[in-house]
Amino acid sequence: MASALIVVDVQNGFLREGNLASERCLDALPAIRDEVERALADGERMFFTADTHEPDDPEFEVFPEHCVRGTHEAELVLGATIESDQEAAR
């Protein structure tokens with residue numbers, strides 16, 4: 001049976017900086033990196049998601065501004081790990 005790893009929103013805006021950054025998320029990064037490295041070694045397909053917003057996103061009426069397109073916050077922390085045959089959805 002084929003399998004895939006889905007890595008969800010591992011972005012600067014949730015791990016390192018900004019209104020929604022959290023130490024708990026940052027603490028999970030080593031385990032996430034290990035799993036990504038395992039998947040790469042096994043040739044497993046991976047998908048990365050990135051929570052990305054326009055500056056005037058209506059979501060900011062409910063949640064603080066975060067991960068605005070084109071900002072450092074919106075960048076994937078694992079960006080260097082994504083290879084040409086992997087996919088990132090924004």
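The values are calculated or read from the model by the stated rules, or taken from the named source; none is laboratory data. The shown structure was predicted, so the numbers you read here are calculated from the model rather than taken from an experiment. A quick note on method: Cβ atoms are made from the backbone with ideal geometry, for glycine too, and the neighbour counts reach across all protein chains shown.
Here are the numbers for the structure shown:
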quantity	calculated
Options Arg38, Arg69; residue that is modelled with pLDDT of 90 or more, among the basic types (Lys, Arg) and loosely packed, with under 12 Cβ neighbours inside 10 Å	Arg38
Yes/no for Ala80 being assigned to a helix (DSSP H, G or I) and at pLDDT below 90	yes
Of all residues making up the stretch 34-45, the number that are in contact (Cβ under 8 Å) with a residue 12 or more places away in the chain and either outside any loop (DSSP other than H, G, I, E, B) or more than 18 Å from Leu78 (Cβ to Cβ) (or both)	6
Selection within the stretch 1-59 - under 14 Å from the mean Cα position of the chain (by Cα) and among the hydroxyl-bearing types (Ser, Thr, Tyr)	Ser22, Thr49, Thr52
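Here is a yes/no grid of residues against (1) free of Cβ contacts under 8 Å to residues at least 60 places away in the same chain; (2) surrounded by 11 or more Cβ atoms within 10 Å (Cβ to Cβ); (3) outside any loop (DSSP other than H, G, I, E, B):
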position	(1), (2), (3)
Phe14	yes, yes, yes
Leu20	yes, yes, no
Arg24	yes, no, yes
Ile32	yes, yes, yes
Phe47	yes, yes, yes
Asp56	yes, no, no
Glu65	yes, yes, no
